[in-house]
Amino acid sequence: MIALYYANLTQDERNTIYWEMHSQCNGIAWIEDAFTKAWIDFGKGCFKYDGATFVQEHNDKFWEVASFIHDWLNMIGYVGKKVDLYFIKIMIQLDYSENIIFERCKWMQWTWLNKFRHKLKRTFIADKIPCYLPK
C-alpha cells in the first residue's frame, strides 16, 4: 500500500492531483470546502494519504476525494460513527456506486478499533465532524 505525503510529490503532481480531486467535488460547495481544508492540512504535512483502504477506488482513481477527506479527518483525530456517516454522505452526493458504498460500510464496522487506537495514542479528538466543516 502506497502512502504519500505532500512533500513526496513534485509541483506538477501536486497541481494535477489537486485539480483532479477538486473536479471530483462536482461543484458541490460543502464538499469543495471540506476538500480545500483537507488539502491545506495535507500541504502542511499533517497527514499522509494511502488511497481507499482495503476496497476498490471510485472510478479506479487512487486520488479520490471522498477517501481523501475521510482519511484526513481520521488522521487528525476525528474518528467514529458520525465521521463515517459524513463519508457516506459525500459518497452518495458524488454518486458513488452502491457496491462501493456497501463494501466500505462493511469495513466501517471496525472503526471502533481505529477509535480505540487513537485513544491509546491520545490523538482522539471527537466522534463528530469538526465545527468548521459544513454538514
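Results, tabulated for the structure shown:
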read-out	value
Ranking of Cys25, Cys131 by count of other Cβ atoms within 10 Å, fewest first	Cys131, Cys25
Cβ-defined net charge surrounding Trp39, 15 Å radius [Lys, Arg +1; Asp, Glu -1]	-3
Charge-dipole axis of segment 6-121 as Lys and Arg at +1 and Asp and Glu at -1 on Cβ define it, positive-most pick from Ala34, Cys105, Gly80	Gly80
Residue order, fewest to most surrounding Cβ atoms within 10 angstrom, among Arg14, Arg104	Arg14, Arg104
From phi via Karplus (6.51, -1.76, 1.60), per-residue ³J(HN,Hα) for segment 34-42 in Hz, x at Gly/Pro	4, 4, 4, 5, 5, 5, 4, 5, 4
³J(HN,Hα), Karplus 6.51/-1.76/1.60, whole Hz, each residue of segment 65-82, x for Gly, Pro	5, 5, 5, 4, 5, 5, 4, 4, 4, 4, 6, 8, x, 9, 9, x, 4, 5
Pairwise label distance in nanometres, Asn15 with Leu120, each label 7 Å out on the Cα-Cβ vector	4.4
Part-to-part distance (alpha-carbon centres) for segment 17-51 and segment 72-118, which is given in Å	16
Total charge dipole magnitude, the chain, about the Cα centre, Cβ charges on Lys, Arg, Asp, Glu only, Debye to nearest 20	920
Principal axis dimensions, largest first and in whole angstrom, of segment 6-121 by Cα	37, 34, 24
Sequence of Leu133, Leu120 once ranked by neighbouring C-beta atoms within 10 Å, starting from the fewest	Leu120, Leu133
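Every number in this text was worked out from the coordinates using simple rules, so none of it is lab data. Bear in mind the structure is a predicted one, so any value in this text is a computation, not a measurement. All Cβ positions, even for glycine, are placed from backbone atoms using ideal geometry, and neighbour counts span all protein chains on display.
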